[in-house]
1. Could you work out the mean projected area of the convex hull around the alpha carbons of segment 182-300, in square nanometres to one decimal?
2. Calculate, for residue 393 and residue 262, the FRET efficiency according to 1/(1 + (r/R0)^6) with r their C-beta to C-beta distance and R0 56 Å; round to the nearest 0.05.
3. Give the accessible surface of segment 104-174 per residue, rounded to a whole number of Å², with probe radius 1.4 Å and ligands, DNA and RNA excluded.
4. Scan the chain and hand back the longest stretch that contains none of the GluC sites (Glu not before Pro) lying in DSSP loops with at most 13 other Cβ atoms within 10 Å.
5. What fraction of the Cα pairs in segment 211-366, stated in percent, has a spacing above 26 angstrom?
6. Across 20 Å bins from the origin, how do the percents of Cα pairs in the chain run, short distances first?
7. Looking at the calculated P(r) for segment 82-207, what percent of the C-alpha pair distances fall above 22 Å?
8. Measure off, as a whole percent, the carbon and sulfur share of the 1.4 Å-probe accessible area of segment 268-391, all protein chains present.
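The values are calculated or read from the model by the stated rules, or taken from the named source; none is laboratory data. Only a predicted model underlies this, so the values are computations on that prediction, with no experimental measurement involved. Using ideal geometry, Cβ is built from the backbone for each residue, glycine included, and neighbour counts are taken over all protein chains shown. We work out accessible area using only protein heavy atoms, side chains counted, and drop any ligands, DNA or RNA first. Shrake-Rupley method; radii C 1.70, N 1.55, O 1.52, S 1.80 Å.
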Amino acid sequence: MKLWRGGRLATLAGERGWGLIDDGALLVDDSGHFAWVGPSADAPRVDDVAELHGALVTPGLVDCHTHLVYGGNRANEFEQRLHGVSYADIARAGGGIKSTVAATRAASESELLAAAQRRARALIGEGVTTVEIKSGYGLDAASEARMLRVARRLADLGLDVRTTYLAAHALPPEFRDADAYIDAVCAWLPELQAGGLVDAVDAFCEHIAFSPAQVARVFEAALQHGLPVKLHAEQLSDQGGAQLAARHRALSADHLEYLSPAGVQAMAEAGTVAVLLPGAFYALRETRLPPVAALREAGVPIALATDHNPGSSPTLSPLLMLNMGCVLFGLTPEESLRGLTVNGARALGLHDRGQLVAGQRADFCIWQAGHPRELAASFGHNPLIERVCQARQGEP
Ligand code: NIG
Ligand code: FE
């Protein structure tokens, strides 16, 4: 047992509020869970004690939507977009996701791993303790497996990694018929799952990607194999993706700038988390805002994530997402922090982390800050002092 004492705890206990304990202590048991959380004055006596010297403590950050493993970069498309070419135009011309597929297939597994490790270290440096990583730049059985293997190996850095199968991301060049490709996507899943490489299944439902009917087939295959689903939904247009996701009891629907009132309602009824991605909104210079007030009113849990990828969201800063969640989307600093902790965890189906509460996994961050709102108020600044993560380095 180890006691951390004398910190300002933002426990995020319960469904709202910071759950502040001004002079608080955390007792961590030998299984890596909080055995007790409360005022330092009431803390149980143990031999192993660390002083927090008044520093702020929050739950470890959960980045629940990333595409961290890929080859190449797309700064050329950044320049094109600055000249007025849209993300969808670039995709239709064979760039976008397809260009990253070519670069990913051309890279060796060790090159992919080295690049992904550099990115993961950046997330770790800002307090991320759990990360979700999607496939979707391989688009054939072997290349998707390679991406998922590389993603899993990032656990060696001392990070809890969840992997999501996103083969329904774009149509690869060797297929002309999207329905035939969807057949293949469903056929590859059982072997990847048997290899222990898949925690959830995602798809991109959009006019430049796959139709709701095609996504429904992928979802049915996932559910048949006992895997939960998620969806890139209503990013560029309203496809009714949120309703489709809700019908399949999706863990989350992500992006959601074009989400309709019916979509909000369906998500609320299904308990599907809304994952908002301000990095993609910002980088694509989107002007349509996700319907935050309607989500709030309907009681849909809101998560935030980096959506790190080389095209629409090349950021590696979860702290910047806290700020953008407030400035761009109108979240409160508390909603932003819940979005990158407890609600990020829920978007992955994880209920054992994201709050500083007895019984939860003892993943937490110690910050040079007096109040948790300061984490969202500043940007381009990293106040992390120390990150405590139960996924220890070198232990996959
Ligand atoms: O979350 N929208 C689809 N997928 C990614 C972008 C992938 C890419 O452009 O490479 C996203 O924005
Ligand atoms: Fe994404």
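1. Orientation-averaged projected area of the Cα hull: 7.3 nm².
2. So, using R0 = 56 Å, E works out to roughly 0.75.
3. 29
4. 175-396
5. That tail contains 23 percent of the Cα-Cα pairs.
6. 29, 58, 12, 0
7. Above the 22 Å cut-off, segment 82-207 has 40 percent of its Cα pairs.
8. 53
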